[in-house]
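To start, the structure itself, in structure tokens.
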Amino acid sequence: MALSAGPEKQVGKLVIRNIGLLLTGDLGAPLLDADTIVAEGGRITAIGRAADCDLSEAHVTVDAQGCALSPGLIDSHVHPVFGDWSPRQGQLGWIESSLHGGVTTMISAGEVHLPGRPRDIVGLKALAITAQRSFANFRPAGVKVLAGAPLIEQGMVESDFAELAAAGVGLLGEVGLGSVKAGYEAKEMVAWARKYGIQSTIHTGGPSVPGSGYIDADTVLEADADIIGHINGGHTALPLRQIRCLCEGCLRGIEIVHNGNELAGLTALRYAAELNQLPRVILGTDGPAGSGAQPLGILRTIALLSSLGDMPAETIFCCATGNTARMRKLDCGLIEIGRAADFMLMDRAQHSSGSDLLDSVRKGDLPGVGMVVIDGIVRCGRSRNTPPAERIPVIV
Ligand SMILES: [Zn+2]
């Protein structure tokens, strides 16, 4: 699979038929009784039974061979730099590898690993604008990387946020990785960002790398960022009673990451379920990290939360798709007419003890990815990273 240059346009019509199980990404109705999806112009144009859809004059027809289809996975928390390279572990190709783990959209929580990252205000703004432009113009393997997430520093004023927004920056990097660590300081800047339409995420828990800080629940609640970034720590987690406070004390995104504390992640999920707050639960990897880049990080987190968290797999798939799309106001993540045609097709891994795909994930196994589609374009066939699926879709 070659790296693709930029956002490509789908040519003609894509038909995917013979879908065995349709996961919608919508917690309210995570499974849909349909076996066919049609996409044109990169958007979903029809969903239903084959007999009810217009399948004529398709440019590409995929026979799903009974595989399951889900919205493409959204990684709510990554730390990209430029291109498909990360200096964190000297890694090349980590984004393309993640496509093979079903990820179709990644959201930057700050280009924090850039060697010599500027910390002066003009420099950090320039970096954010450059990173936003760079990833808007270049999609590694077709993956949508929403980047250009400045790490805020003391001394920034309201006009800095207005300027960033006007330049196309739509995200703040993790609050707390720069010099702004106190709740009252973060609160003012987060509010300025929100005023100009910029989403925010705050680091939660102990320091992640030397030089970063400790952010407790009181600070997170005072700052009031849109997303409680890695509520399960990155990797050091807050005491569980503080995680409970975060679930109870606000309505912001509850982000559970692969590179976090697993016990804290499972506990956050349980608290959210008890409080009827599952729509707020979203998933990320926080990669590349000290533990490396994990192309299957979102799938592994889904399997962890479903199996040890004792939750239906289809519920947890929503946390990695529709929940994130809604919390982050994205046009993907749900199987709905008009949404971006970003899909992952998968089946039970060969020799899983689970009785079907959903049962296999519930038993802690990873699914086998058989095809990934972004904007209506097939980006890869059988994953080179997941265990092999029993069935794989074919282009007919
Ligand atoms: Zn962090």
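What follows draws every value from the coordinates through simple rules; no lab data is involved. In this text the structure is predicted, and so the values were computed from the model without any measurement. Virtual Cβ from ideal backbone geometry, glycine too; neighbours counted across all protein chains shown.
Here are some notes:
- Separation of segment 104-123 from segment 3-53 is 34 Å, based on Cα centroids.
- Beta bridges from DSSP with both residues in segment 73-295: antiparallel share about 20 percent, rounded to the nearest 5.
- Of the residues L14, Q294, L32, the one whose Cα sits farthest toward the positive end of the charge dipole of the chain, with +1 on the Cβ of Lys and Arg and -1 on the Cβ of Asp and Glu, is Q294.
- Each residue of segment 325-332 was assigned a 3J(HN,Hα) from its phi angle through the Karplus curve 6.51 cos²θ - 1.76 cosθ + 1.60 (θ = phi - 60°); the sequence is 4, 6, 5, 9, 6, 9, 8, 10 Hz, with glycine and proline shown as x.
- DSSP beta bridges fully contained in the chain are about 55 percent antiparallel.
- When the Gaussian network model of the chain links Cα atoms closer than 10 Å, the mean-square fluctuations of T285, T267, T104 top out at T267.
- Only helices enter the 222 nm calculation for the chain: every DSSP H run of n ≥ 4 contributes -39,500 (n - 2.57), and dividing by all residues gives -8000 deg cm²/dmol, rounded to 500.
- Counting only lysines at least 8 places from K329 when in the same chain, those with an alpha carbon closer than 28 Å to its own are K9, K13, K125, K144, K181, K187, K195.
- Pairwise FRET efficiency - E188 versus R382, Cβ, R0 = 51 Å, nearest 0.05: 0.55
- For G370, the residues whose amide H sits under 5 Å from its own are L345, M346, D347, S383, ignoring neighbours fewer than 5 places away on the same chain, with H placed 1.01 Å from N.
- Net charge dipole, segment 73-295: roughly 280 debye, given to the nearest 20, about the Cα centre with Cβ charges of +1 for Lys and Arg and -1 for Asp and Glu.
- Charge dipole magnitude, Cβ of K and R +1, D and E -1 - the chain, Cα centre, debye nearest 20: 420 debye
- In this structure the amide hydrogen of G364, modeled in the peptide plane, comes within under 5 Å of the amide hydrogens of S307, none closer than 5 places in sequence on its chain.
- Solvent-free Debye calculation, one equal scatterer per alpha-carbon of the chain: log10 I(q)/I(0) at 0.07, 0.08, 0.10, 0.12 Å⁻¹ equals -0.29, -0.38, -0.60, -0.87.
- Highest mobility in the GNM of the chain, judged by mean-square fluctuation with C-alpha springs under 10 Å and restricted to L283, L330, L304, is found for L330.
- For the chain, a Gaussian network of Cα nodes joined below 10 Å ranks V378, V122, V257 by mean-square fluctuation, and the top entry is V122.
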